[in-house]
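J.: Following this message is one structure expressed as structure tokens.
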Amino acid sequence: MQAVVSHLCRRRVSGAIRRTLGVSWPADQIHSGFSTFCTLAPDNSSEGEREQEQERMSLCRRIEGLPKGEAVGTAFQSWMGDGFPIHRGDIFHTINRLRKLQFNKRALQVMEWVIRERPYRPKELDYSYLLEFTTKLHGVSQGEKLFSRVPTEFQNELLYNNLVIACLDKGMIRLSLAYMKKMRELGYPISHLIFNRLIILHSSPSRRKSISGICRQMRADKVNPHVSTYNILMKIEANDHNIEGLVRVFGEMKQVEVEPNEISFCILATAHAVARLYSVCEVYVEAVEKSATGNNWSTFDVLLILYGYLGKEKELERTWCTLQELPNVKSKSFIVAIEAFGRIGGLSRAEQILAEMKSKKGLKSTEQFNSMISVYCKLGFITKATKLYKEMDQNGCKPNAITYRHLALGCLKAGLMKEALRTLELGNGLSTSARIRRSTPWLETTLSMVEIFAEKGDLENAEKLFEELKRANYSRYTFVYNILFKAYVKAKIYDPNLLKRMILGGSRPDSETYGLLKLIEQFQT
């Protein structure tokens, strides 16, 4: 009986950890070509629950609507003055809402008021929230001081896990490891969320060797394998364009009987689409459709991308119509839809969606303009792209490196070689993050340019752009090297080291590769 009670308590605390710490992974770390998969819970609530939700939201609105600098107590006094008691659920709902909006300062003020005024007896979750936002705003040292002042009964598993997460959020890995050691000494279980954060912090190429050790430690600490951990590991392999590594991680996931979710299948499908393995991609797209829970805008965005890759116009239209039925369709979804329809050659449909976005959202960002410019340039409509480029400038949106990269491709498609090289230089002169240069749209646009240079036998420019693909590991795909080899064929230049270079670069030659190499051998002198 005691073991059962202990198990139930552990489940309750673990659930609280998940609610309190919910690991987020920014889009730039999750995927280079599409946004983070923020899987939202389906709305299965009853009418009574929705009414309660609306009541709670009114407290959120009062707090959110406070003028800058006004004390949060004003909102609470107004709330209580209207005859509403302050329940723990009201506070937790408000805090989660403020966290989503990244109103960390306001969230801290709410928790400080709760601890000071005590509308109810604070418990572990209240102190966890207080610790979280104190650390976010005032640093780990202040968080440690607060931790030491929390009543001893609440210095437990939940608070320790929060403290470790806070250290990791600030990049203080050594300190987090010290607290994890303390947790082991006290017999507190370590959340899988902590190991997720550690893996993310070690996901850069220079640190990636440490990930296997983190996974071993996870097993040593008897932390149950979790689908989110495997999703992160698969995402790392996908971002590195390592299909074999991705499939290996998925195999390990199935071996330990961890059930994949829609995020897992989104990662697998997109990685195979980028690798041009469309038959495998289709299998995983079906799995995404079957495993999707509720109306998740992020999953619909990914499906738009995937149906664009697969050239499935009917499915693409169906997905876009379904997404439009959701409340408050984001600008990001419009952008994804424009690019997806552009990929299948649906220029008029892409223009319609641009017009819809303009009327509903307004054209306020460079990214919005870039989406349609990319479609025009890929399809060879440089005049239309240039016109939209001028409109962008008139709207006060500054072109960035992505804009110029698309325009350079458009110039090449239109046969304007000098203008293309000049536009390419303009883009190269702008600072661009490594995240952008490793993103799938950037790499695919660059490869399209390499392909045009290859067809013209312009080996110098083809090699120059190929180096970008190599730095991002995009050259692991056989078709990328094959396009480069076509440049050697057209330029009638022999290089005896091409096959060796390809294999050392992590790419596997196929029948097309050997055919191209035979053609290149003809130019041997």
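Every read-out reported here was derived from the displayed coordinates using simple, explicitly stated rules and does not represent laboratory data. Quick caveat, the model's predicted, so the values are computed rather than measured. So basically every Cβ, Gly included, is an ideal-geometry build from the backbone, and we count neighbours across all protein chains shown.
J.: Match the structure shown to one of the listed values (i) 44; (ii) 51; (iii) 37 of percent of Cα pairs over 36 Å apart, computed from it, and give that label.
T.: Of the labelled values, this structure produces (i).
J.: For labels at Glu313 and Lys254 in the simple 7 Å Cα→Cβ model, what's the distance in nm?
T.: Placing both labels 7 Å along Cα→Cβ, they lie 3.5 nm apart.
J.: Which FRET efficiency, nearest 0.05, do Lys123 and Asp495 yield, Cβ-Cβ r, R0 60 Å?
T.: Values: r = 70 Å, r/R0 = 1.16.
According to the calculation, E is roughly 0.30.
J.: Which FRET efficiency value, to the nearest 0.05, is calculated for Lys209 and Arg276 with the Förster distance at 22 angstrom and r the Cβ-Cβ distance? Walk me through the numbers on the way to the answer.
T.: On the way: r = 29 Å, r/R0 = 1.33.
The formula returns an efficiency of 0.15 here.
J.: For the range 68-79, just list the computed ³J(HN,Hα) in residue order, Karplus coefficients 6.51, -1.76 and 1.60, θ = phi - 60°, integers in Hz, with x standing in for Gly and Pro.
T.: Listing the rounded values in order: 4, x, 7, 5, 5, x, 4, 5, 5, 5, 5, 4 Hz.
J.: Right, next: With a point put 7 Å past each Cα toward its Cβ, work out how far Ala434 is from Lys222 in nm, to one decimal.
T.: Result: 3.9 nm between the two label points.
J.: Order 239-252, 213-226 from most to least packed using the mean count of other Cβ atoms within 10 Å. Numbers along the way, then the final one.
T.: Values: 239-252: 18.0, 213-226: 14.2.
Going from most to least packed, we get 239-252, 213-226.
J.: Which of the lysines could a cross-linker span from Lys182 if the Cα-Cα distance has to be under 21 Å and same-chain partners fewer than 8 positions apart are dropped?
T.: Qualifying lysines at Cα under 21 Å: Lys145, Lys170, Lys222.
J.: Using label points projected 7 Å from each Cα along Cα→Cβ, tell me how many nm separate Lys464 and Ser511, to one decimal.
T.: Inter-label distance under the simple model: 3.7 nm.
J.: For a Förster distance of 60 Å, can you work out the FRET efficiency between the beta-carbons of Thr383 and Thr74, rounded to the nearest 0.05?
T.: Values: r = 57 Å, r/R0 = 0.95.
Rounded to the nearest 0.05, the efficiency is 0.55.
J.: Then there is this: So if each residue of separation counts as 0.36 nm, and I subtract the Cα-Cα distance between Met172 and Gln352, what length gain in nm does that give?
T.: Working: separation 180, 0.36 × 180 = 64.80 nm, distance 4.87 nm.
My answer for the length gained is 59.9 nm.
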